[in-house]
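A short worksheet on the structure shown next.
The values are calculated or read from the model by the stated rules, or taken from the named source; none is laboratory data. All values reported here derive from a predicted model rather than from experimental measurement. Every residue, glycine among them, receives a Cβ derived from its backbone with ideal geometry; neighbour counts consider all protein chains shown.
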Amino acid sequence: MSDLETFRAETRNWLEENCPREMRDGAGGEENICWGGRRWTFQSDAQKIWLGRMAAKGWTVPAWPKDYGGGGLSTDEVRVLKAEMRRIGARSPLESFGIWMLGPALLKYGTHEQKLHFLPAIARGEIRWCQGYSEPNAGSDLASLQCKCEDKGDHFLVNGQKIWTSYADQSDWIFVLVRTDPKAAKHLGISFILIDMAAEGVSTKPIKLISGKSPFCETFFDDVKVPKDHAPGVSAIVGEAGRGWDVAKYLLTHEREMIGTGGGGAFVGRGPGEFAAQAIGLENGRLADPMLRAKIAQVEIDGWAFLLTMERMKDEAKAGQGAGAKSSMLKYYGTELNKRRFEAMMDIGGSDGLEWEGERSEDGKLAKSWLRTKGNSIEGGTSEVQLNIIAKRILELPEA
Ligand SMILES: Cc1cc2nc3c(=O)[nH]c(=O)nc-3n(C[C@H](O)[C@H](O)[C@H](O)COP(=O)(O)OP(=O)(O)OC[C@H]3O[C@@H](n4cnc5c(N)ncnc54)[C@H](O)[C@@H]3O)c2cc1C
């Protein structure tokens, strides 16, 4: 048996013994995610047990080094673990902005002390992070950000506003882009700083969305004193002061990869083919409408082609490392495909698809998911911005 096959057999056994039955329902969707954090209420004992067991094994972040709470697995081993989890329909034990975004940035730019302080706690689901990048006048043009951070000797003083901060009202800490040097050129003079949401002067105001939910907030910093070190040797600033743009861009590649490859809702739930078979019914084993058949086939074929592209990119990347600028390809295609997929499902659902509440529509699950996909191609940088990056960084086209 090869090492990998031995690993597969051991993993299969371990999952069999340790994954609670209730966590093997393959349930995706935002409502079933375990986000962790100080204020997290577990949906069930099984969810808590599952997180505890996977965290102890380092498998909430299987590719991270063992010293920082990870499993230290290779790319191939991570793939085997994911495949074995999929085989039994195991839910992800933990999802978080700490895992998707801050963790990779700390692994690359953090000091050993910062990594030791924050990463194991992220891996155990003890800290929930949110992202303070966008401001009312800085979205696509993020480097225009104005949130001010002054050096006051023994601490930093932060003043300003962020917007569209997902889950700010439920998070424990926030990673924030601040302007530390207003005289420096636009992309310089920005620093990447970590702030405890419980600090005096930090407040949040939820923003209500089209779906009726408020998953994101305005976040205000009013004379917030941030200690220069959160613990001995654990600097509040990640990377060099004034070079936060480098950290920010690197983090964004991980965010975009995550959104494009599924964390933003792509490929969650039933596909259009299965949905159509149930909603409309089959005649002689297939859908009667040839136009609808063709549309569904196209979306599904594009979905498979995209999955293969993702697999190829994973092969090309080293364990624990991201896709770099190619993350913009994943982000662009994955989110636009996800929107097409849900448009197709709405066509199939007809007026029933628009139903907002009630048992039959599972409280408007389809309509709400369809509306949520609209945000996928905006969050983490819009589709237009991704196309600009692809043109410049991948195709190396001259600037217009
Ligand atoms: C669901 C969701 C969750 C989010 N979560 C967070 C979060 O947690 N933290 C956070 O900081 N932010 C978050 N955001 C904000 C998101 O990053 C911004 O909305 C996004 O970067 C776009 O910025 P904007 O909204 O200011 O739009 P603008 O930048 O004003 O863009 C408006 C339009 O102009 C186009 N445009 C702008 N510049 C160009 C250009 N150079 N070339 C071509 N077209 C251009 C854009 O594509 C867009 O269509 C979230 C957004 C959404 C939708």
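Observations
One line per residue, one yes/no per condition, for (1) within 28 Å of GLU379 (Cα to Cα); (2) within 16 Å of the ligand (Cβ to nearest atom); (3) among the hydrophobic types (A, V, I, L, M, F, W, C); (4) part of a helix (DSSP H, G or I):
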site	(1), (2), (3), (4)
THR60	yes, no, no, no
LEU81	no, no, yes, yes
TRP100	yes, yes, yes, yes
LEU106	yes, no, yes, yes
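- Criterion: of a type outside the set (Ser, Thr, Tyr), surrounded by fewer than 14 Cβ atoms within 10 Å (Cβ to Cβ) and either modelled with pLDDT under 95 or within 10 Å of the ligand (Cβ to nearest atom) (or both) - qualifying residue of LYS208, LYS162, LYS152: LYS208
- Every residue from the stretch 275-320 that is touching a Leu at 6+ places or on another chain (Cβ under 9 Å), free of Cβ contacts under 8 Å to residues at least 60 places away in the same chain, aliphatic (A, V, I, L, M) and surrounded by fewer than 16 Cβ atoms within 10 Å (Cβ to Cβ): ALA288
- Hits in the stretch 1-47 - residues which are basic (Lys, Arg) and over 20 Å from LEU81 (Cα atoms): ARG38, ARG39
For every residue, the table says whether it meets (1) surrounded by fewer than 21 Cβ atoms within 10 Å (Cβ to Cβ); (2) farther than 13 Å from ALA105 by Cβ; (3) of a type in the set (A, V, I, L, M, F, W, C).
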| site | (1), (2), (3) |
| --- | --- |
| THR219 | no, yes, no |
| LYS225 | yes, yes, no |
| ALA231 | yes, yes, yes |
| SER235 | yes, yes, no |
| LEU252 | no, no, yes |
| GLU255 | no, no, no |
| ILE259 | no, yes, yes |
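- When residues of the stretch 342-400 are limited to those that are of a type in the set (Gly, Ala, Ser) and assigned to a loop (DSSP other than H, G, I, E, B), the one nearest to ASP141 (Cα to Cα): GLY381
- Of all residues in the stretch 165-204, those that are surrounded by fewer than 18 Cβ atoms within 10 Å (Cβ to Cβ), under 26 Å from the mean Cα position of the chain (by Cα) and over 23 Å from GLY103 (Cβ atoms) total 2.
- SER351 passes every criterion in (1) polar (S, T, N, Q); (2) crowded, with 16+ Cβ neighbours inside 10 Å; (3) more than 12 Å from the ligand (Cβ to nearest atom) apart from (2).
- Against the conditions (1) buried (at least 17 other Cβ atoms within 10 Å of the Cβ); (2) assigned to a helix (DSSP H, G or I); (3) of a type in the set (A, V, I, L, M, F, W, C); (4) under 21 Å from the mean Cα position of the chain (by Cα), LEU94 satisfies every one except (2).
- Restricting GLU384, GLU379 to those that are within 11 Å of the ligand (Cβ to nearest atom), exposed (fewer than 13 other Cβ atoms within 10 Å of the Cβ) and modelled with pLDDT of 90 or more reduces the list to GLU384.
- Residue that is surrounded by the most Cβ atoms within 10 Å (Cβ to Cβ) [pool: residues in the stretch 1-36 that are in a loop (DSSP other than H, G, I, E, B) and touching a Ser or Thr at 6+ places or on another chain (Cβ under 7 Å)]: GLY36
- For the stretch 387-400, the set of residues classified as surrounded by fewer than 20 Cβ atoms within 10 Å (Cβ to Cβ), more than 9 Å from the ligand (Cβ to nearest atom) and of a type outside the set (Gly, Ala, Ser) consists of ILE390, LYS392, ARG393, ILE394, LEU395, GLU396, LEU397, PRO398, GLU399, listed by residue number.
- Cβ-Cβ under 9 Å pairs, at least 6 apart or on other chains, the stretch 26-52 side of a type in the set (Ser, Thr, Tyr), far side in a loop (DSSP other than H, G, I, E, B): SER44/PRO20
- In the stretch 323-352, of all residues being under 19 Å from GLY273 (Cβ atoms) and among the charged types (D, E, K, R), the one that is nearest to the chain's Cα centre (by Cα) corresponds to LYS339.
- Given (1) touching a residue at least 24 places away in the same chain (Cβ under 8 Å); (2) out of contact with any Leu (no Cβ under 7 Å at 6 or more places or on another chain), number of the condition GLY71 does not satisfy: (1)
- Any hit, the stretch 120-139, residues being more than 16 Å from the ligand (Cβ to nearest atom), part of a helix (DSSP H, G or I) and free of Cβ contacts under 8 Å to residues at least 60 places away in the same chain: yes
- THR111, sole failed condition from (1) surrounded by fewer than 21 Cβ atoms within 10 Å (Cβ to Cβ); (2) in contact with a helix residue (DSSP H, G or I) (Cβ under 9 Å, 6 or more places away or on another chain): (2)
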